[in-house]
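Please read the structure below before turning to the comments.
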Amino acid sequence: MQPPPAPSGPSGPDPRAKKILFDTFWSSKGWIDRDARQLSEADREYAKRHGMMFDPLTIGHDALATETRRLVESIEPTKASAAFLASLTSRRLDLRSGLASYVLASAAGPHDYVGNASGTCVTCGALREHRDEDLDVLNFERHKWGGVRHGDPLYTLLDLSELARTEPATPTDDDRATFEKILELVADSAPKDTPGKLSRRLADALPSSKPERDVLVEILAAVGVLAPSDPSRGSGEFVHAGAWRGADGYSRTAVARLFGPRA
């Protein structure tokens, strides 16, 4: 996967390129049907030049796993955690996403392809070969909500590639205060609170839509900050956070590992 030549810095992606990406997939009514999407070649090339759209990707499992491992080893953990924090008040959802991909990919480790009955790798979930995969929709989801496919091997590859090429972010005091407020809300949860209830309460901590908060809860669970004591609980609409309940609170160990000691 070749990176585009113009990385997005902490100030944000090129506005026109981002609008092209968003207008391709989303309208005031929600998702645009595939057959109704309109994108000129000139707009596509512009968005590609500015790193918001990509050529379709064909890649085998071993190459995907190798490149993902290379990216994990090339990214400093502090870069991923700083980007996450810097997203909280800036509402740069693309910066928020990479921490979950970094932690999940780090846990997978180097491995060979061993397929299951559905033809996907038992370790990472990748196919033996992915052909002509659409990375544009993955990047749209990343910028729109902070990603919705954390743990998917193709999304992980895109997410880490973008994190690696983005200039390091510097969290502000407001970012850190917002994160502390999030942790306080988690700690104050009622014992039987679900992740959905926590998502609604997080509206008091940061400007956000419901889908953005749901993804934030998922990211916190994917990185181990929200660690369910009973993983057998039903997951509902959440993938990573579904088994969490208010009584579980948050993991101080995970917070310290990812973000350093708290003041």
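Observations, loosely collected:
- Out-of-range pairs (alpha-carbon distance over 25 Å; input 19/197; 79/181; 29/210; 79/144): 19/197
- Sites residue 76 and residue 27, calculated FRET efficiency, Cβ-Cβ separation with R0 41 Å, nearest 0.05: 0.60
- Label positions at residue 181 and residue 256, each projected 7 Å from the Cα along the C-beta direction, are separated by 2.7 nm.
- Under 5 Å between amide hydrogens, built in the peptide plane, is the criterion, and for residue 126 it picks out 121 among residues at least 5 positions away or on other chains.
- Rounded to whole numbers, the Karplus 3J(HN,Hα) couplings from phi for region 186-194 are 4, 5, 8, 5, 5, x, 9, 4, 8 Hz, using 6.51 cos²θ - 1.76 cosθ + 1.60 with θ = phi - 60°, and x at Gly and Pro.
- Here the Gaussian network model covers the chain, with springs between Cα atoms less than 10 Å apart; of 127, 39, 154, 39 fluctuates the most.
- The alpha carbon centroids of region 121-177 and region 215-260 are separated by 19 Å.
- Fewest-first ranking of 167, 141, using other Cβ atoms within 10 Å as the exposure measure: 167, 141
- In this structure, the amide hydrogen of residue 60, modeled 1.01 Å from its nitrogen in the peptide plane, lies closer than 5 angstrom to those of 130, counting only residues at least 5 positions away or on a different chain.
- Ranking of 138, 216 by neighbouring Cβ atoms within 10 Å, starting from the fewest: 138, 216.
- Long-range HN-HN contacts of residue 227 with modeled amide H, under 5 Å: 251
- Hz values of 3J(HN,Hα) by residue in region 101-115 - Karplus curve (6.51, -1.76, 1.60), Gly and Pro given as x: 5, 5, 5, 5, 5, 4, 6, 5, x, x, 6, 9, 6, 10, x
- Sorted by Cβ density within 10 Å, fewest first, the residues 72, 223: 72, 223
- Restriction of the GluC sites (Glu not before Pro) in region 176-262 to DSSP coil positions whose beta-carbon has at most 14 other beta-carbons within 10 angstrom yields 237.
- Cleavage-rule hits, trypsin sites (Lys or Arg not before Pro), region 23-84, DSSP coil, Cβ neighbours within 10 Å at most 16: 29, 37
Every read-out reported here was derived from the displayed coordinates using simple, explicitly stated rules and does not represent laboratory data. All of these numbers come straight from a predicted model, not from anything done at the bench. Cβ coordinates were reconstructed from backbone atoms using ideal geometry, including for glycine residues, and neighbour counts include every protein chain displayed.
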